[in-house]
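Student: One structure coming up, written as structure tokens, with questions to follow.
The values are calculated or read from the model by the stated rules, or taken from the named source; none is laboratory data. Since this is a predicted model, take the numbers as computed values, not measurements. Please note that ligands, DNA and RNA were not included when accessible areas were found on the heavy atoms of the full protein model with its side chains. Shrake-Rupley method; radii C 1.70, N 1.55, O 1.52, S 1.80 Å.
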Amino acid sequence: MTLMSAYSVAIYSAENCTFHTPSESAKWLTSRALEDCVTIDSSHLVLIQQALSFDSIPTCSRIVVLIPDDWLSISQCSLEHSVPSSLLPLAALSHAVETSFLPPETLVFNYQCLEESVGDRQLRVFACAAEWAEQLCLPFQSTAKSCLLMSQSQWLGIPSHDRSWNSLFAARTIALSA
């Protein structure tokens, strides 16, 4: 008997969207070597979604949706001043608005605070239009109660032992929640 995963992983590419278990997904992404550097528009995304086969997805109420990095606005800035952790979300929002040219109310974002060296902190911000995030998660809303949206490089940067649903969901610093 095999233990059922607490969530499924949907991986978008410019050609299709495939379903995987959490352990399979890293192997699949690594074999593709993040070669998918093609951005797409809404109409192309609709075509990909229409071709989805939900027969291959295990019944699961949670799903992590991995998208190519190029489908998000990803930027990094140096935190020159000491910023308290309580203000990091505001700093990330400010940076996301500045780099994506989207109004804050139409933006979905998240961030990672990285310690490059002692005293050198970097703020890495992931952002996209809320409308785009909703469209990416739309096909899964009928089968999943919870949907986390994240870039493929973020996923590969998480050690496999830290990929439990609880740690992914609790660590809002790694996932766009849609």
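Student: I need the phi-derived Karplus couplings for the range 6-13: 6.51 cos²θ - 1.76 cosθ + 1.60, θ = phi - 60°, integer Hz, Gly and Pro marked x.
Tutor: Per residue, the Karplus-derived 3J(HN,Hα) values read 6, 7, 10, 10, 9, 10, 8, 9 Hz.
Student: Can you tell me how much longer the chain between Ser53 and Leu79 gets when fully stretched, taken as 0.36 nm per residue apart minus their C-alpha distance, in nm with one decimal?
Tutor: My answer for the length gained is 4.9 nm.
Student: Here's something else I'd like to know. Per residue, what accessible area does the range 76-178 have, given a 1.4 Å probe and all protein chains present, in Å²?
Tutor: Values: 5500 Å² over 103 residues.
Heavy-atom accessible area per residue stands at 53 Å².
Student: Quick check on the range 50-149: what does the Kirkwood estimate of hydrodynamic radius come out to from the alpha carbon pairs, in Å?
Tutor: 15.3 Å
Student: If you roll a 1.4 Å probe over the chain with all protein chains in place, what percent of the accessible area is carbon or sulfur? Don't skip to the end; give the middle numbers.
Tutor: Values: 5360 of 9550 Å².
Carbon and sulfur atoms account for 56 percent of the accessible area of the chain.
Student: Which whole-number percent gives the relative contact order of the range 68-137, counting Cα pairs below 8 Å spaced six or more residues apart?
Tutor: Values: 94 pairs, mean separation 27.9, N = 70.
Once divided by the residue count of the range 68-137, the mean separation gives 40 percent.
Student: Determine the relative contact order of the chain: mean sequence separation of Cα pairs under 8 Å and six or more apart, normalised by residue count, in whole percent. Please list the in-between numbers first.
Tutor: On the way: 274 pairs, mean separation 45.0, N = 178.
Relative contact order, the chain: 25 percent.
Student: If you don't mind, there's one more thing I want to ask. Which entry in (i) 16; (ii) 20; (iii) 39 matches percent of Cα pairs over 29 Å apart derived from the coordinates of this structure?
Tutor: Recomputing percent of Cα pairs over 29 Å apart here gives the entry labelled (ii).
Student: First check a/c for the range 92-170, with a ≥ b ≥ c the square roots of the eigenvalues of its C-alpha gyration tensor; if it is under 1.5, answer rounded, and if not, answer prolate when a/b is larger than b/c or oblate otherwise. Walk me through the numbers on the way to the answer.
Tutor: Values: a/c = 2.74, a/b = 1.15, b/c = 2.38.
Taking the square roots of the gyration eigenvalues as a ≥ b ≥ c, the range 92-170 is oblate.
Student: Need one number: % antiparallel among DSSP beta bridges in the chain, to the nearest 5. Walk me through the numbers on the way to the answer.
Tutor: Details: 23 of 33 bridges.
Counting only bridges with both partners in the chain, antiparallel ones make up about 70 percent.
Student: Continuing with this model, one more query. If amide hydrogens are placed 1.01 Å from N in the peptide plane, which non-local residues have theirs closer than 5 Å to the one on Ser164?
Tutor: Result for Ser164 returns nothing.
Student: What is the set of long-range amide H partners of Val64 at a cut-off below 5 Å, with H atoms built 1.01 Å from backbone N?
Tutor: Ser8, Val9, Ala10, Leu148
Student: Same structure, new question: Take the alpha carbon gyration tensor of the range 124-164, find the square roots of its eigenvalues, order them as a ≥ b ≥ c, and report rounded if a/c is under 1.5; if not, report prolate when a/b exceeds b/c, else oblate.
Tutor: Details: a/c = 3.19, a/b = 1.34, b/c = 2.38.
Oblate.
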